[in-house]
Structures are given as structure tokens and as C-alpha cells.
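Right, one structure below, let's go through it.
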Amino acid sequence: MKSLKSFINNRKTDKPSIFPKVSMTLLILCFVMTGCFLVKLKKEVNQSYESTTIVGLVKAQLSGDGPIIVAARSISKGKEIAHYTVLHESGEYELMVAQGKYHVFAYQDKNSNLIYEAGEPAGQYGDTKTVSAPAVGVVYNINITIPEEGGDVVIPHGTEISSVKPEKLHSRQAGAITDLDDERFSEENGAKGFWEGVSFFKRFGGNIFFLEEYDPEKTPVLFIHGAAGTPKGWKYIVNNIDRTRFQPWFFYYPTGGRINGMAYLLLWKLSNLQTKYKFNKLYITAHSMGGLVAKSFLVNYGRQFPYVKLFISLATPWGGDRMAEYGVQQSPAVIPSWIDMQPEGDFIKSLYSAKMPEHVRFYMFYGHRGSRNPFLSNNDGTIALSSLLDFRAQSEAEMNYAFNEDHASIIYSKEVLTQYNTILNESDKKLSASPHQSGGHLNVRFSYNYDFDGERPRPILALRSIDIDKTDTEIVTVLSDDDKNRIIGPFPPGDYLAGMVTMAAKTKKKYVRITIESGMTKVLDFVFIPDGVVRGVVTAPLKQEEQYVGRPDYSFRAADKSIDIQSIVLKGYGVHRTLQPIKSENANENAKNYDWAITRADLCYNNFFAFFGLPAGVYQLTIKAEGYKTVVDKYSVTPGVPKYFRVTELTPE
């Protein structure tokens, strides 16, 4: 029998790689019977459950040419480079590593040879600090500063970052400019993102690409492809929208990964773009599984990202896919995204745990030209119509449009394009004409009354509406040091409580009441002072499929009914505090917004806990939960110095 790669390569067409149900069955049979590929697939899947994503910011004042290289060098594994990434300027980065300890550093590769050489400015996280990567989730705020004259790093000159030298070092940073014929967007690479997600991420990362320099006069339209797809699949639509009014962006990601993890990666990338460009409108267009990524993003973060105004989905399996369920049950190696595509699975249910944010106008497109096989339910050639037309998604849509197209052809259809442009253009006109679109602005003045060695974590401005009909609205804006005393906005008019949050610090004033008025600029003043914090989550023993790379920390905070926390006790340095969980239907929602971080009151929402106002020192934390062994752990606290978010896995008695 042919190898799986040969099967994929032989299917190449001018249209994106979208496999019909019959082909999906054949693919499953192919890899079951192809020993070499099966071994490789198992290795890929296992790596995804044994890896961690390290994320942070690089700040550099550099002169001359040469990209910024960020790398993690293992301390325990022969001091090898575990992963590296490429940036075209100061900004965000992501690294994927196995469990272990690492030095994380960055330098300007002046001659682009992937060798750290004398004379190349460099910096590293916390001077000689190491980064401890667990075997799950994300390690945050590993920020690096590269001084213009170069800093002290423990990495010796002559260190080779990679023996593989690509012809060009492509930036993996949000906003990197390319074109849709980029070799990275080939069909083969799209398939690699599905079947070999870890290898894909290590080679390409996950990123938002531009086709042109950012233009504040044009509305960004973010395109999200589906399983095994690439940005190239959007060429027909992109070439036929009004490019004088819209600027296309493309989210390119490994589609075999867990969908919540991809939604979190999308949040990370968009947040960094919003911090840089301060755009006030964003439209999302998504195909197939890309619609699930977008919906996960909107359900979990949309309330805090009010700039998303329009969402159009094409051929999205809103009710999951039975073939994915079959793959989970029968395959000896399970692609992680299949787990999320199961119709009765936790992920599909989570998409409807909260309503679509009110500021998002949602439209559904689907095709009905599918297989006529009498043994299959009505479909579009890939997905059952019962999933495409899931009543839960329809109930949130402004309109649902049907077309005589199949799962692939829907993004190449003239009829679809006409309706798409009608919605895009009319929505943009209405938003531009809205009396609230201009909104009001804020001059946010913030400062710190303490020194900090390194790159400070970015502060967050949270605006919580106190208008009677908008009390659940919270607008979150991530700021940078460049935003000190800058005018930002616009923000919707209304009455708000304004607060600011950053890691390991608090503001002298908690909340400030402010009224935002259209055409007006109001001033906010905040001063950060150091605060000692211990925070984390308690979780039951994690199944393998729950220990996936890039798992967002919010997912650990959801109510786990299998855990009945009796008490969480913190002792040390004159401190003796006890927490019991707050029993409230709104507990999980409260944990998702920033009220707890602004008020600085000790709390335990579900299985998430935090202690504030702690002096420097090492503390003993004791966790007692019904049916589990007592956990006693040590936490080191230094006010003003951020610490990792810690996940404590309980052991049954």
C-alpha cells in the first residue's frame, strides 16, 4: 500500500487540501497499515503532550542589518539548542521545548548565519537565570532585553544555533510581510501542519502574516484556514475584495494541534499586534475548522477583545465530525485536533458555554453539494449538513446562507464571493457611520516606583462597564512602555471603572471611575508598587490528552467537579492565611476577568487560587482536597519580580 505522504502528494490540486469523508477513511487505513509513518506519527503526538511553549518579549535598540534570533539552550541535554525562532524587530516570540531547564537568550544575527559570534549584540532572560519548562502548557513572560552595546550572556561565542541553514531566515513574528505564493504556504506544508504539528511549529511557528505594511486607514480582515490548509487557499477571495478599504491578514497554524491551544496562540498574536498598532476594528473570516478556532477565541476572549466586529464562517463543522470521533476511537495514534472535533466532546460543548459577544456580527455560509452515497447523511462532500447547520450556531447567526458548493469549492465560488463582499462592505459602512465608532480616548499615564532588572511585563488596562445594560462588559487593552502618556482609543462611550494590572505589582489606586465621551480625551494616572504574589491552580490527575503543548492557563481554572477543595493554607514570615473556594454560579466568569487582579483580595475561585500582599520570602503552601493526598509545596516570593503560573496536580488517596 502507498505511504501516507505519497497519498497526500498524489492528491495535489489548485484547491486547498480538504479531504472528503471517503478519503479520510482511506487516510486512516493508510497510516494504520504503514508502519514507518505510524511510528513517526506516534512520536509527533507524544511530543505534543510532552512539550511546553515558552513565550515572551524581546526589546532591542539595534543598528544595522540582521534579524533577531531567540533560542532556548538546554542545560541538561548536552547544552544543545532545543528550538529557535526568528524576529524581524523587537516584539513577541514563542519557543517549543521538552520538559527541562533552559537558558533563553536572543541576539542580532548580523550576517544571518545562525551562529552567535563576537560583536553581535545579545541578551538573555534574567542574566544567569534558567527557565524551568514543565511538560504541559505555557511558560509566560520570559522577557529579554538586548542592550545596544550588547549584554552579558552565558552562551559562548561560536555557538551554532542550527546546522540546517535555510536560504532565508523568515520572521515568525506577527506582522511579517509576505505573499500568498510563499513556499511556506505550500499544500505539502499545510498537510505537515495537520499530521506533524510539532515539526511544523518548530520550523514555521504559528503566526499572523501581512501582505503589506499596516495601514491605519484600512480595516484588517483576518483569514483563518481549516485543517491541512494554508493562507494560499484564500487567494481567490483576497484578490477580489476592496483592497483600498481592507487589509488582509492570515493566521497560519498547525491544524493538528488542540484547537483551544490554537485559539490562545491567536490571542497572543493579535494582542501583540493590537498593542503595536492600536487598531479599533477587526473582521474575521474562517473556513472549516478555522471557524472553530475563531469561535473558541471569541467565546474565551471576545469580551476582552471588543475590536472584533464581524465574523463570517464558511463550511464550519459546528457540531463536530463523526469521522474525527471514529479516528479517536480506532486509530493507534490520534491527531490532537480530532479529540476536539468529537460531536459530544468537551470542546464542542465549550463553544456554546457562553454567547457570542454582542459586539460581533456573525454570519454562516455553507454548501450542500455533497456525496449522494445512500449510506451517508446529507453533506457538503466532507461534513454532514447536521453539523454545518447545528442549531446552537444558527441561533447566534444574523443570517445563514446556503450555496450549491462543496466543502472546498465554497471559497472559490463567484456567488459566495458576491454575498461575502456584500456583507463585508455593508458592515464596514455601518460601523464607519455609527455615532459610537469615533468614541472617546484616554491619556493613560502610568509609572513604577521601583527598579526592575530586565524587560518589565506589559501592563493591562481594564475598563469595566458600570452602565446597567452592560455590566458584563470588560474592555482589555495591553499596553507597552511606549504607551506611557500616550493617547489611546477610541473606546465606546459610557461609564466605567478603570484599573491597571501587571505581574507582581499593584496600583496605589485600585479602580478609578471615568466617563468616556465621544470626541473627548480623559486622563488616567496610575503608579505601580511592588506586590508579593502566590498564585496557581489545582487540578485532578491529567489524562494524556489534557497535557497538550500551548494549553492556556484559563482552561485549568474551569470548575472541576471532581475536586472538592477543603482548604488552601499559606504560612511564612508572619503570614498565616486560609482560603476556601467561593461557591458561586459566576465563579468561573469572575476568574476570567481582571477584577480579582485589581482588587488584590485573596481568593479561591473553583480550583484557581491567589494570595496577595506578601513580603519577600519562602512560603509553605498546603492544599487539602476531599479524596486526594495533602499537597505541601514551597513558593518563593519577591515583590516586583514575576513568577511562573504554577499548576498543582493532585494524587488520589
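The values are calculated or read from the model by the stated rules, or taken from the named source; none is laboratory data. Quick caveat: nothing in here was measured; it's all calculated off a predicted structure. With ideal geometry, Cβ positions are generated from the backbone for all residues, glycine too; neighbour counts draw on all protein chains shown. These area figures cover heavy atoms from the full protein model, side chains too; ligands, DNA and RNA do not enter into them. Shrake-Rupley method; radii C 1.70, N 1.55, O 1.52, S 1.80 Å.
A few points about this structure:
- Count - residues of the range 305-358 that are outside any loop (DSSP other than H, G, I, E, B) and out of contact with any Asp or Glu (no Cβ under 6 Å at 6 or more places or on another chain): 24
- Residue count for the range 394-417 under the criterion of being aliphatic (A, V, I, L, M) and touching a Leu at 6+ places or on another chain (Cβ under 8 Å): the result is 3.
- Unmet requirement for Phe210, which otherwise passes all of (1) out of contact with any helix residue (DSSP H, G or I) (no Cβ under 8 Å at 6 or more places or on another chain); (2) open to solvent by 10 Å² or more (accessible area, probe 1.4 Å): (2)
- Only residues that are at pLDDT 90 or above, surrounded by fewer than 17 Cβ atoms within 10 Å (Cβ to Cβ) and in a helix (DSSP H, G or I) were counted in the range 555-601, giving 1.
- Residues of the range 323-340 satisfying the condition of being within 20 Å of the chain's Cα centre (by Cα) and without any contact (Cβ under 8 Å) to a residue 60 or more places away in the chain: Trp338
- Residues of the range 176-199 classified as farther than 23 Å from Ala408 by Cα and either open to solvent by less than 10 Å² (accessible area, probe 1.4 Å) or among the hydrophobic types (A, V, I, L, M, F, W, C) (or both), total: 3
- Once the range 83-123 is narrowed to residues that are in contact (Cβ under 8 Å) with a residue 60 or more places away in the chain and among the charged types (D, E, K, R), the residue that is surrounded by the fewest Cβ atoms within 10 Å (Cβ to Cβ) is Glu89.
- Residue list for the range 150-166, restricted to those being of a type in the set (Val, Ile, Thr) and surrounded by fewer than 16 Cβ atoms within 10 Å (Cβ to Cβ): Val154, Val164
- In the range 359-369, the count of residues that are open to solvent by 40 Å² or more (accessible area, probe 1.4 Å) and more than 28 Å from Glu405 (Cα to Cα) is one or more.
- Verdict on Phe19 being open to solvent by less than 10 Å² (accessible area, probe 1.4 Å), aromatic (Phe, Trp, Tyr) and either over 29 Å from Phe645 (Cβ atoms) or modelled with pLDDT under 95 (or both): no
- Restricting attention to the range 238-267, the residues being buried (at least 22 other Cβ atoms within 10 Å of the Cβ) and farther than 24 Å from Gln342 by Cα number 3.
- All conditions in (1) farther than 28 Å from Glu44 by Cα; (2) at pLDDT below 95; (3) open to solvent by 30 Å² or more (accessible area, probe 1.4 Å) hold for Ile144, with the sole exception of (3).
- For the range 450-463, the condition of being at pLDDT 90 or above, closer than 18 Å to Lys522 by Cβ and open to solvent by 70 Å² or more (accessible area, probe 1.4 Å) holds for none of the residues.
- Strands (runs of 3 or more DSSP E) within the range 475-530 that include 1 or more residues within 26 Å of Asn143 (Cβ to Cβ), among the charged types (D, E, K, R) and open to solvent by 40 Å² or more (accessible area, probe 1.4 Å): 486-491, 505-507, 521-530
- Among residues of the range 418-435, those that are more than 29 Å from the chain's Cα centre (by Cα) and either more than 30 Å from Asp495 (Cα to Cα) or open to solvent by 70 Å² or more (accessible area, probe 1.4 Å) (or both), counted: 8
- Residue check: Tyr644 meets all listed conditions (1) surrounded by fewer than 20 Cβ atoms within 10 Å (Cβ to Cβ); (2) at pLDDT 85 or above; (3) of a type in the set (Ser, Thr, Tyr) but one, namely (2).
- Checked against the criterion of being of a type in the set (Phe, Trp, Tyr), open to solvent by 10 Å² or more (accessible area, probe 1.4 Å) and over 24 Å from Leu431 (Cβ atoms), the range 308-330 has at least one qualifying residue.
- Condition check for Val293: open to solvent by 10 Å² or more (accessible area, probe 1.4 Å) and within 29 Å of Ser51 (Cβ to Cβ): no
- A single member of Thr285, Thr275 is farther than 21 Å from Met364 by Cα, open to solvent by less than 20 Å² (accessible area, probe 1.4 Å) and either more than 16 Å from the chain's Cα centre (by Cα) or polar (S, T, N, Q) (or both), and it is Thr275.
- Inclusion of Ser447 among residues that are exposed (fewer than 13 other Cβ atoms within 10 Å of the Cβ), assigned to a loop (DSSP other than H, G, I, E, B) and among the polar types (S, T, N, Q) is not warranted.
- Yes/no for Lys235 being over 25 Å from Ser48 (Cβ atoms), at pLDDT below 95 and open to solvent by 10 Å² or more (accessible area, probe 1.4 Å): no
- Some residue of the range 124-131 being of a type in the set (Phe, Trp, Tyr), over 23 Å from the mean Cα position of the chain (by Cα) and open to solvent by less than 40 Å² (accessible area, probe 1.4 Å): no
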